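Trainee: What follows is a structure written as structure tokens; I'll ask about it next.
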Amino acid sequence: MTLDEIVAAVRAAHAGHTPLRLRGAGSKDFYGGLLAGEVLDLSGHRGIVDYEPTELYVTAKCGTPLTEIEAALAEHGQMLACEPPRFAGATLGGCVAAGLSGPRRMQAGAVRDFVLGVKLVDGRGQVLNFGGQVMKNVAGYDVSRLIAGSLGTLGVIAEATLKVLPKPVAETTLEFACAADEAVRRLNDWGAQPLPVSASFWHEGRLWLRLSGAAAAVDAAARKLGGKALADAGCIWEDIREQRHAAFVAPVLWRVALPSTAPTLAVDGLQAIEWGGALRWYAGEIDAAAIRAAASAAGGHATLYRAPESLRCRVDPFTPLPPALLALHRRLKKVFDPAGILNPGRLYAEF
Amino acid sequence: MPPMSRSVAGIQPDRATLVRRLKNILPVHCLLVEDEDLRPYECDGLTAYREMPLAVCLPENEGQVVDVLRTCHQLGVPVVARGAGTGLSGGAMPHAEGVVLSLARFNRILKVDRDSRTAVVQPGVRNLAVSEAAAPFGLYYAPDPSSQIACTLGGNVAENSGGVHCLKYGLTVHNVLRIRMVSIEGEIFEIGSGAPDAPGYDLLALCIGSEGLLGVVTEVTVKLVPKPELAQVVMASFDDVAQAGDAVAAIIAAGIIPAGLEMMDKPATAAVEPFVKAGYDLDAAAILLCESDGTPEEVAEEIARVRAVLTGCGARDLRVSQSEVERLRFWAGRKAAFPAVGRITPDYYCMDGTIPRKRLAEMLAAIAAMETKYGLRCANVFHAGDGNLHPLIMYDMSKPGDWEKAEAFGAEILELSVALGGSITGEHGVGIEKINQMCVQYATPELETFHAVKAAFDDKRLLNPEKAIPSLHRCAEYGRMHVHRGELKFPDLERF
């Protein structure tokens, strides 16, 4: 599929007020509001456009599978440091649109932090270029980062440029036994020290910590922190990144983002703690208002991350916005998609 | 300099009415209206562009900010927010028919929290003051623009400021978690949060770097990071700038992300050395400063690798700082580059383009040719790690025609930056200075989108009007004088 074909499809939909459902691999169909509209399959718009290892960027078309990009990066010892989930064939477009990051997020940054530029087809079918391929660029509003996490509601991300980073020389994983409160306390204490912690994960009384960096630094930190060193822990972090780990299998899963120091919420069903305490997963039939109130009181927000359709049709996936902010969202939506044809309702039911 | 005074949407504010209304909402010590009081506000760090405002408001609390904005919105009066006025693109230059809204009195650090590694500060707090307040906890605020002793967090948010450590630690957008922002209509928005993300669109990314066009920030939550145990810097000299540029690429290719990676060319070191006595190699065509930070083990390992790479790239001399005093001395020259150049020329004009690192040698050769063309000298300092070049064009404001030549010289560098695949500004912002070059970097549909985004926040276009995003009319005028992008602006590029 060519850029011209994407443009033609969006223009036709704009003219006919036909809602479009943008789809890469469909690996995150479970995420966000219920799917609506005619499928615009973008998986055919694929391929790496430009990769310059010494300039630290990769540009690829939206339908390019993340695995293909990562394979190219690996040949030069580089990686997508935000570790986005690959799920089943996840594409670059979907990765940027959903903005979901993996275990390395607290050390390296989120997907939005790595977006350098996008080629966007807006809701009128105009091709717009924002950002570019250089690390520093403050000319104009940072629309490329606004697009990250917008779930396809502002435009078709036809192409994206991401910053890439070298893979760490050495990595090791430590395991500790502790309760959730203690894990949060320790993670914040370690976080305030210059330690090469690149990921953390707590589940059912056990805490795993990944150290990454220069070999000598990783060894020194491992000696300092104690715990049990796991010889081959690669699978743990892959399972967490891909959400294949037992902590993620429940049919109803809530994603709660909080200040890392927030005490344990008065909500049952805590499955896992990631990101140094700042991301917590809850499972089970939890009252939406209750978990949202608890998250909000702690300074964060709760997302109904995965649920059967019977629940998704009753509960907003994302925490509702205050009226002034919602009004601003609607005005921005109108800027990019005046006819409201792109992924309607995927982010908020109101647009 | 183009005439700046034009009324917004045809409204001619009546100064007496405006002052009377402002007097109703601000205590007398929070409002300046006399010419001699307004004079210090007529420009920011880009002193070539000046304008007198109708009044300067110095609110002391958020309620007053809301009242000033509501009043200006009702009266159709432009508002230019201002921090310390250290910006280099004229972003805080007043509007002739508007008010300056100074956040200077919002100077309190509200909270520093060791455990969550965050600080909550008011926008008038100086950048360095945040790191000083966090120091007792072993933490600091990473973005360190060279003006950090004076520039404020509010200004940093407006400009998305960088610094010498941003390749490894990121820009302002990577280090701010939350802002509280007042719209021109006086509405308060909480954007971002203390959590790693917030529901809805990433408005934080949109507002950071928006140059005061979308709202006025009244509070900022920043991320603090643990201070590395050790930092050491390698200083390498090269006989050839292309060789130094290749060495930068080789360091990255070796999988190293240094904490800082800076280059200075010969005119820059020549200006700096007598002033700072940093020990720079004055015979070298270029010197590189490459900093490594982390645990002592990490630094030792990385420095060894950096040395090997630089030696392999033909560095003629290598020195590694052996103490904190020596490290700071190596950096002192780089950090003093602007004032040092200021000592050898009556005036200088600092540019801020970014280019892909691999095009550096081409850019420097082109700048050398422009020195001849315009008859002005230029020293180059370069955030080599992230491709951000600061040519310092030397001129004499008192000499007729010199400023115009410097301006044209600068414009040519910026337009070449775009042609080489880069950007007209890496960290200083567009402001009023680079408004014409925006027409080169962006085409009409993107500019229209920017204007529509602006209207979603400020439909009367009262916040910092005529800055950052050029009108299409302006671009059409500029386009008549210049060949537009895509039409081979630099047909003789290959000869460099």
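The values are calculated or read from the model by the stated rules, or taken from the named source; none is laboratory data. This one's a predicted model, so the numbers in the text were calculated from it and none came from an experiment. Cβ atoms come from the backbone with ideal geometry, glycine included; neighbour counts cover every protein chain shown. The area values use the complete protein model at the heavy-atom level, side chains included, leaving out ligands, DNA and RNA. Shrake-Rupley method; radii C 1.70, N 1.55, O 1.52, S 1.80 Å.
Trainee: Give me the net charge of A:A295's neighbourhood, meaning all other residues with Cβ under 11 Å from the Cβ of A:A295; Lys, Arg count +1, Asp, Glu -1.
Mentor: Counting the neighbours of A:A295, the net charge comes to +3.
Trainee: To continue, here is another question. Report, by chain and number, residues whose modeled amide H sits under 5 Å from the one on A:D50, excluding near sequence neighbours (fewer than 5 apart, same chain).
Mentor: The answer is A:T59.
Trainee: In addition: Specify the inter-centroid distance of the stretch B:198-261 and the stretch B:425-479, based on alpha-carbon positions, in whole Å.
Mentor: So the separation of the two Cα centres works out to 25 Å.
Trainee: What residues qualify as long-range amide H neighbours of A:A81, i.e. H under 5 Å apart, gap of 5 or more or another chain, H built at 1.01 Å from N?
Mentor: Those lying under 5 Å, H to H, from A:A81 are A:L165.
Trainee: Turning to a different aspect of this structure: With the cut-off at 1.5 for a/c, could you classify the stretch B:230-339 from its C-alpha gyration tensor as rounded, prolate or oblate?
Mentor: oblate
Trainee: Computed over the Cα atoms, what is the radius of gyration of the stretch B:345-495 divided by 2.2 N^0.38 Å, N being its residue count?
Mentor: Compared with the compact-globule rule of thumb, the stretch B:345-495 sits at 1.08.
Trainee: If you place +1 on the Cβ of every Lys and Arg, -1 on the Cβ of every Asp and Glu, and leave all else neutral, what size is the dipole of the stretch B:345-495 about its Cα centre, to the nearest 20 Debye?
Mentor: That gives the stretch B:345-495 a dipole magnitude of about 140 debye.
Trainee: Same structure, new question: Given H placed on each backbone N at 1.01 Å, which residues far from A:V315 in sequence or on other chains put an amide H within less than 5 Å of it?
Mentor: Here the answer is none, since no amide H 5 or more places off falls under 5 Å of that of A:V315.
Trainee: Rank by packing, highest mean first: peptides B:178-184, B:230-236, A:148-154, A:245-251, with packing defined as the count of other Cβ atoms within 10 Å averaged across residues.
Mentor: Per-residue Cβ counts within 10 Å, averaged per peptide and sorted highest first, yield A:148-154, B:230-236, B:178-184, A:245-251.
Trainee: If you don't mind, another one. Please compute the average number of Cβ atoms from other chains found within 10 Å of each residue's Cβ in peptide A:122-129.
Mentor: 3
Trainee: Using r as the Cβ-Cβ distance of B:E229 and A:T67, and R0 as 45 Å, what FRET efficiency do you calculate, to the nearest 0.05?
Mentor: About 0.75, to the nearest 0.05.
Trainee: Oh, and also: Taking only protein heavy atoms into account and a 1.4 Å probe, give the accessible area per residue of the stretch B:109-226 in Å².
Mentor: Ligands and nucleic acids excluded, the result is 26 Å² per residue.
Trainee: Mind listing the phi-derived Karplus ³J(HN,Hα) values for the stretch B:469-474, rounded to whole Hz, using 6.51, -1.76 and 1.60 with θ = phi - 60°, and x for any glycine or proline?
Mentor: Result, rounded to whole Hz: 10, x, 6, 5, 4, 4.
Trainee: Could you give the nm distance between label points at B:T17 and B:R316, where each point is 7 Å from its Cα heading toward the beta carbon?
Mentor: In this crude spin-label approximation the distance works out to 6.9 nm.
Trainee: For B:L128, A:L116, give the ranking by accessible area with the largest first, probe 1.4 Å.
Mentor: B:L128, A:L116
Trainee: If you place +1 on the Cβ of every Lys and Arg and -1 on the Cβ of every Asp and Glu, how big does the dipole about the Cα centre of the stretch B:412-479 come out, in debye to the nearest 20?
Mentor: My answer is approximately 180 debye.
Trainee: HN-Hα J couplings of the stretch B:359-367 from phi, Karplus 6.51/-1.76/1.60, θ = phi - 60°, integer Hz, Gly and Pro as x?
Mentor: Listing the rounded values in order: 8, 4, 4, 4, 5, 5, 5, 5, 5 Hz.
Trainee: Applying 1/(1 + (r/R0)^6) with R0 = 41 Å to the Cβ-Cβ distance of A:C313 and A:A12, what FRET efficiency is obtained, to the nearest 0.05?
Mentor: The calculated FRET efficiency here is 0.90.
Trainee: Suppose each label sits 7 Å from its Cα in the direction of the beta carbon; what would the B:N24-B:L75 distance come out to in nanometres?
Mentor: Taking the two extended label points, one gets 1.0 nm.
Trainee: Might you report the magnitude of the Cβ-based charge dipole of the protein assembly as shown about its Cα centre, with Lys and Arg at +1 and Asp and Glu at -1, to the nearest 20 debye?
Mentor: For this selection, approximately 1100 debye.
Trainee: Principal axis lengths of the stretch B:310-387 from Cα atoms, whole Å, largest first?
Mentor: Rounded to whole Å, the extents work out to 43, 32, 22 Å.
Trainee: Which whole number gives the average count of other chain Cβ atoms within 10 Å of the Cβ atoms across peptide B:424-434?
Mentor: Per residue, the average neighbour count from other chains is 2.
Trainee: Also: Pairs A:K136/B:K168; A:K224/B:K227; A:K163/B:K358; A:K136/A:K163; B:K277/B:K335; A:K163/A:K333: which are spaced more than 20 Å apart, C-alpha to C-alpha?
Mentor: Going by Cα-Cα distance, A:K163/A:K333 fall outside the 20 Å limit.
Trainee: Let me know the mean shielding of A:144-151 by other chains, meaning the per-residue number of their Cβ atoms within 10 Å of its Cβ.
Mentor: 4
Trainee: Would you rank A:H76, B:H473, B:H451 by solvent-accessible area, highest first, keeping every protein chain in place and using a 1.4 Å probe?
Mentor: Output order, biggest surface exposure first: B:H473, A:H76, B:H451.
Trainee: A:R11: net charge of surrounding residues, Cβ under 15 Å, Lys/Arg +1, Asp/Glu -1, itself excluded?
Mentor: Net local charge, A:R11 excluded: -4.
Trainee: Here's a follow-up. Got a number for the accessible area of A:R206? Probe 1.4 Å, square angstrom, nearest 10.
Mentor: For A:R206, solvent-accessible area is about 110 Å².
Trainee: Using the Karplus curve 6.51 cos²θ - 1.76 cosθ + 1.60 with θ = phi - 60°, what ³J(HN,Hα) values do you get for each residue of the stretch B:283-298, in whole Hz, with x for Gly and Pro?
Mentor: Calculated HN-Hα couplings, in order: 8, 6, 6, 7, 10, 10, 10, 10, 9, 10, 9, x, 6, x, 5, 4 Hz.
Trainee: State whether the protein assembly as shown is rounded, prolate or oblate according to the following rule on the C-alpha gyration tensor (a ≥ b ≥ c being the square roots of its eigenvalues): a/c under 1.5 gives rounded; otherwise a/b larger than b/c gives prolate, and the remaining case gives oblate.
Mentor: In terms of gyration-tensor shape, rounded.
Trainee: Let me ask you something else. Cα atoms only, chain B: Rg and Dmax in Å?
Mentor: Calculated on Cα positions, Rg and Dmax stand at 22.9, 70 Å.
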